[in-house]
1. Across every pair of different alpha-carbon atoms, what Kirkwood hydrodynamic radius in Å does the chain reach?
2. Under the 0.36 nm per residue contour assumption, what length would be gained going from the current alpha-carbon distance of VAL569 and ASN190 to full extension?
3. Just need the relative contact order of the chain here, percent rounded to a whole number, with Cα pairs under 8 Å and 6+ apart.
4. Helix 440-449 against the longest principal axis of the chain: what's the angle in degrees, Cα atoms only, rounded to the nearest 10?
5. Roughly how many percent of the accessible protein surface of region 443-484 is carbon and sulfur, given a 1.4 Å probe and a whole-percent answer?
6. Hey, if you drop one equal point scatterer on each alpha-carbon of region 310-408 and run the Debye formula without solvent, what base-10 log of I(q)/I(0) do you get at q = 0.20, 0.22, 0.25 Å⁻¹?
7. Taking every DSSP beta bridge that has both residues in the chain, what percent is antiparallel when rounded to the nearest 5?
8. Relative to the longest principal Cα axis of the chain, at what angle does helix 355-364 sit, 0 to 90 degrees, rounded to 10?
Amino acid sequence: MTPKLKKQLRKIVISALVYILAMSLPLPPLYQLALFVLSYLIVATDILKKSWRNIKNGQVFDENFLMSIATFGAFALREYAEAVAVMLFFEIGEFFQSYAVNRSRKSISELMNIRPDSANLLQNGECVVVDPQEVKVGDTIIINPGERIPLDGIVIEGNSGIDTSALTGEALPREVGKGDSIMSGCINLNGVLKVKVTSQYCDSTVAKILELVENAGSQKAAVENFITKFARWYTPIVVIIAAFLAVLPPLLLGDSFETWVYRALTFLVISCPCALVISIPLSFFGGIGAASRSGILVKGSCYLEALADSKYVVFDKTGTLTKGNFKVVEIVSPKLAPEKLLELAAHAESHSSHPIAASIIKAYGQKISAHRIKNLSENRGLGITAEIDQQHITVGSYKIMHQSHISVPNVNTPGTIVYVAINQEYAGYILITDELKPDSLQAIRDLKQQGIVKTIMLTGDRKNIGEHIGKELGIDHVYAELLPADKVRKIEELLQSSSTLGKLIFVGDGINDAPVLARSDIGIAMGGIGSDAAIEAADIVIMTDEPSKIVTAIKISQKTLRIARQNIVFAIGVKLLVLGLGAFGYASIWAAVFADVGVSLIAILNAVRALSLPK
């Protein structure tokens, strides 16, 4: 419990004890009144100050103002016990609100612990402790056992286990060694690691996550905006009604002013919109906190709300449903030795950053002779042309061969076919395959159980490969042989057709998916923390490569929205009932206290449930 909460609780306890003394001891009226006033001032001073400060700033109609007016009126009517009880129970409600918000905020702020304090920089053979922001790309740092990894990098020496739970929500450590990439924010468990830094602190994983967390509350859900507007109009309206209730019936009916002022004060206490104003934002804050503990970073409440209304999920294939670990499995050439065909393809692909190019270069396994390569040109999404050993080499898809008027056979083997042509003549092909992720199949099944109407896959691969994977996973529709621009057009078509049914989610993993992530209703970058473009464009970032986390995110969003709606219906329903009873004299201030503080407490406790992960 924070010092502020402890101070608040201490005030409540002291005030309650004085109140009990005033109620239980046989004291003269003047002494009893003194105890009531003392009990009132202990808990009411801060609320009265807030009310006065807000009035001076032109913000008259809020819960502090309502409580101040209601209790002053009760004192004027000599209803001392009720006056103190209203303020005491209101403060108890405020305490539980602060406690719940603090607990919810803590679930997110725990991520702030991933911020590194220092880095062990290797300079001239010596280790110097510096601020992580002083380290540059290419520098070497030492990470000792038990230390938090300060910057993204590649291990150049050492082996260790890495605790990634703060980022990904995964309990099991990940083993790393020479050549493996590591993310800042994780903890080095048991071995000394020498790491070459690949990102400055401002571009590191930890910096990106902290920025997302700090800005998570800025994008509010539609239901939150509705409650804010509702409270803005609702509060002054009920104050005006209370004023009429206090004045008009005595004037028109000749009844006692005291009776109707009491009813008006009861009406004011009931009308306080605390339950809604507090519990709705708290529900979404709790949902964002629950998601963060699962390694799912949500940029705002509005995306959590939209996720619950999603009916279409569109996947990129490579790196999203499949591992993206391409491997050369077959080399076919009618004229050349397989090794020679692979050598030419590897040299042609040597300047490409595409995963398929990397798999060809890895399969070749020898040093690339850059002086042999001239006039290299890449047609992104199609292939590459280059001059190698004074021969014109074309490497790539069926489309680039067709555009270059090169006749090639139509190979229907499942996998990615990379054709190779020498001097405009077909020379052979390289077959490359990619594995499905272990939980892709279960993720698709679970999505359909969560109410997703259609699952769709977009891929640049050939039609037979896309359909083969789609059938294996049980995906409803597959669109293949798409370039990045084609994917954007296809998403726009799907958005038009799905607009009346629900929101559309696109799930991608890298820089090529950024335009589609930005165009969809909800863009989810999966395992995309390493891609600046993916993080910038996505609305939700999943820290791991598990498609099943999409299901978790949808479950959290549905639970959060369900809790928010429950609180709206419950709070408004009870308040309208007791407001009606209070206006006609069937509800006392004690009933009003329940309708305000009691409903608020129940709504807050219900909202806190959003912090727990759905099963």
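The values are calculated or read from the model by the stated rules, or taken from the named source; none is laboratory data. Keep in mind the model is a prediction, meaning the values are calculated, not measured. Here Cβ is always computed from backbone atoms with ideal geometry, including for glycine, and neighbour counts include all displayed protein chains. To get the accessible areas, we keep the full protein, side chains included, count just its heavy atoms, and leave off ligands, DNA and RNA. Shrake-Rupley method; radii C 1.70, N 1.55, O 1.52, S 1.80 Å.
1. Details: mean 1/r = 0.0349 Å⁻¹.
In the chain this quantity evaluates to 28.7 Å.
2. That pair, VAL569 and ASN190, stretches by 131.2 nm at full extension.
3. Numbers: 1194 pairs, mean separation 91.9, N = 615.
This gives 15 percent for the chain.
4. The angle comes out at about 40 degrees.
5. Numbers: 930 of 1960 Å².
In region 443-484, the share of accessible area belonging to carbon and sulfur is 47 percent.
6. -1.10, -1.29, -1.52
7. Numbers: 54 of 74 bridges.
Antiparallel bridges make up about 75 percent of those DSSP assigns within the chain.
8. Once rounded, the angle reads 40 degrees.
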